[in-house]
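Undergrad: Got a structure for you, written out below as structure tokens; questions coming shortly.
The values are calculated or read from the model by the stated rules, or taken from the named source; none is laboratory data. It should be emphasised that the depicted structure is a prediction, and the values quoted were computed from it without experimental measurement. Glycine also receives a Cβ, built like all others from the backbone with ideal geometry; neighbour counts cover every protein chain displayed.
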2 protein chains.
Amino acid sequence: MTGRRLIAVDWGTSNFRAFLVDRETGECLDSRRSEAGLRALSADEFPHYCAAQLSDWRDGDRVPVYLAGMVGSARGWCQAPQLEVPAGPAELAAGLMPAPGLEAAWIVPGLKAVRDAHVDVMRGEEVQAFGALALKQLEQGVCCLPGTHSKWARLVEGRLIDFTTMMTGELYHAVRYHTLVGEPSRGREGLDEAGFRQGLAAARHPAGVLHALFETRSRHLHAGLGAESVAGFLSGVLIGTEVLAQHAQGEQEVILVGSPSLNALYRIALETHGVPVVEVESDRATLAGILALADHHESVEGK
Amino acid sequence: MTGRRLIAVDWGTSNFRAFLVDRETGECLDSRRSEAGLRALSADEFPHYCAAQLSDWRDGDRVPVYLAGMVGSARGWCQAPQLEVPAGPAELAAGLMPAPGLEAAWIVPGLKAVRDAHVDVMRGEEVQAFGALALKQLEQGVCCLPGTHSKWARLVEGRLIDFTTMMTGELYHAVRYHTLVGEPSRGREGLDEAGFRQGLAAARHPAGVLHALFETRSRHLHAGLGAESVAGFLSGVLIGTEVLAQHAQGEQEVILVGSPSLNALYRIALETHGVPVVEVESDRATLAGILALADHHESVEGK
């Protein structure tokens, strides 16, 4: 049943992404993506949608499917309870939940941290963090996974020991589209790098991010910040604030695991602080992470 | 023309508030308010709306009108260019701009701070800060004026020497109504004090506000934060972050100038840090500030 191929799926709130992977070489043989994220589907549509998308790759259900991301949340296909940190690919494999209604398909459980002073959750980024380590042939490191809810994950001996979510991406969107401050940026495409660098500098304001965000408006009115630079400035303030808060916790190298465009912005922000950066493209990290997990799954199944 | 009465108007983005005041006693003789803020009116409607609202108080244009707030901005009645700090009631009086189309009516100019490392603007809060000082018979102090864009103003010898805007209120609204994190709070009224106090504690998280906001969600999922406490928690995170950032700049008494409900929340946040608090209700501060300004206006006009 295991064969030489597997299918890795990253299914989030607003996107569905699937990859057909050669297990020996790690090569991606084919991929497809759609905007059929969780928001677009009702609970009973998941198995049908998934089967329809993947049937020509599956060779009659013989190619296994691993599904990571919000698909395992309460509003997804089937809730796969998150595992406590620390955890590695072996624990994730042991915690895989069969996807109801589809043969040889498993949902990755995700991770949580629950302590008095820190409560946090992730779904999908744990797979990418393990994949990034595997691709870089590392056993430990700090991964930054930028996005709607950026994750900063600390890994030791191949296991994820702790992590912190930063609401950077979602806040960027909320401020840009739903406050007075973001108004001049609406209807404009692209991100101006000069504005981004000004925002990074503003993130160091002693009054912190609640003030620095407002400088988007005051500088637009009185210090020559053009409408074309407003989106970049906002992004710089928020990413700068994120990096400042995380950088305060160490100076080691950071492994960036995101899209090329987000990685580029975070690289600028981190290098401003003299932090060395290694980049991994997030889809490649997903593939590598699912491969690592599937190896453990086989050994679990083989018992 | 000056007589024994004046009319103070606080005209903002979403509200119109007018007060008929006895100049000798400072007593508010009558007041009216509406939701005809700047957003609800086009440029040429301002003089007509204002005249219609106030005609029965004006005794044939003999009672002077002073208008403070966003009414003096580019999107208001007529732009009254902001004055540079430091400035006191005398400078505001000298910078009053006649309101086009209405006899004996003046727009208060507002203040700005423009330096390389700090750019900021206010309209209306400067009047409240001067009023609060007058009501408390003080010559100096730190005023916190909570709201959509909270202002922290430093006053010395009766003049406002510097200030900082914190985007707390607008961010609260954007996060509550336009992010995943705020979702459980929607459609619920009121603010839960227990949730607010939990949010204040979360504001001290070493990863800062971008993470603390996300704990609203992770604690809702895994640490028993009920849907009824989500709005309070968000408010506690944001107000706690604001107070932490400002408190880092001194330990002196803070004069709170806001609505009774906002003052109560900020009092809790400040007292958590051992900062002594004095409260002034913001409408009373507006009246007292306009009275102080009008006294200087008379002496200007008398020259």
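Undergrad: State which residue pairs qualify: first residue more than 23 Å from residue B:119 (Cα to Cα) and inside the stretch B:132-160, second residue part of a helix (DSSP H, G or I) and small (Gly, Ala, Ser) in any location, beta carbons under 8 Å apart, and separation of 6 or more residues or different chains.
TA: Sorted first by the residue in the stretch B:132-160, then by its partner, the pairs are B:132/B:285; B:132/B:288; B:132/B:289; B:134/B:288; B:134/B:289; B:134/B:292; B:135/B:285; B:135/B:288.
Undergrad: Search the stretch A:7-25 for residues being touching a residue at least 12 places away in the same chain (Cβ under 8 Å) and among the β-branched types (Val, Ile, Thr), and hand back the single one that is farthest from the other protein chains (Cβ to nearest Cβ).
TA: Per the criteria, the residue is A:21.
Undergrad: Which of the strands (runs of 3 or more DSSP E) found entirely inside the stretch A:72-126 contain at least 3 residues meeting this: under 17 Å from the mean Cα position of the chain (by Cα) and at the interface with chain B (Cβ under 10 Å from one of its Cβ atoms)?
TA: By residue number, A:118-122.
Undergrad: Of the numbered conditions (1) part of a loop (DSSP other than H, G, I, E, B); (2) without any contact (Cβ under 8 Å) to a residue 40 or more places away in the chain, residue A:61 satisfies every one except a single condition; which is it?
TA: (2)
Residues are listed down the side, and each one gets a yes or a no for (1) closer than 22 Å to residue B:152 by Cβ; (2) modelled with pLDDT under 95; (3) facing chain B (nearest Cβ under 10 Å); (4) under 28 Å from the mean Cα position of the chain (by Cα):
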{"site": "A:204", "(1), (2), (3), (4)": "yes, no, yes, yes"}
{"site": "A:227", "(1), (2), (3), (4)": "no, no, no, no"}
{"site": "A:236", "(1), (2), (3), (4)": "no, no, no, yes"}
{"site": "A:253", "(1), (2), (3), (4)": "no, yes, no, yes"}
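Undergrad: Of the residues A:230, A:243, A:209, A:278, which is in contact with a Cys (Cβ under 9 Å, 6 or more places away or on another chain) and β-branched (Val, Ile, Thr)?
TA: Exactly one of A:230, A:243, A:209, A:278 is in contact with a Cys (Cβ under 9 Å, 6 or more places away or on another chain) and β-branched (Val, Ile, Thr), namely A:243.
Undergrad: Then there's this: In the stretch B:21-34, which residues are over 24 Å from residue B:147 (Cβ atoms) and surrounded by 13 or more Cβ atoms within 10 Å (Cβ to Cβ)? Show your work before the answer.
TA: So in the stretch B:21-34, the residues over 24 Å from residue B:147 (Cβ atoms) come out as B:22-25, B:27, B:29-30.
Hits for the stretch B:21-34 are B:22, B:23.
Undergrad: Among the listed residues A:155, A:133, identify the single one that is buried (at least 24 other Cβ atoms within 10 Å of the Cβ) and assigned to a strand (DSSP E or B). Don't jump to the end; show me each part of the working.
TA: Details: A:133 fails: assigned to a strand (DSSP E or B).
The match here is A:155.
Yes/no per residue for (1) outside the structural domain of residue B:22 (by TED's automatic domain parsing); (2) in contact (Cβ under 8 Å) with a residue 12 or more places away in the chain; (3) more than 27 Å from residue A:211 (Cβ to Cβ):
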| position | (1), (2), (3) |
| --- | --- |
| B:42 | no, no, yes |
| B:65 | no, yes, yes |
| B:87 | no, yes, no |
| B:107 | no, yes, no |
| B:112 | no, yes, no |
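Undergrad: If you don't mind, another one. Can you name the residue in the stretch B:180-201 that is more than 26 Å from the chain's Cα centre (by Cα) and at the interface with chain A (Cβ under 10 Å from one of its Cβ atoms) and is also nearest to residue A:114 (Cα to Cα) among such residues?
TA: Out of the qualifying residues, it is B:181.
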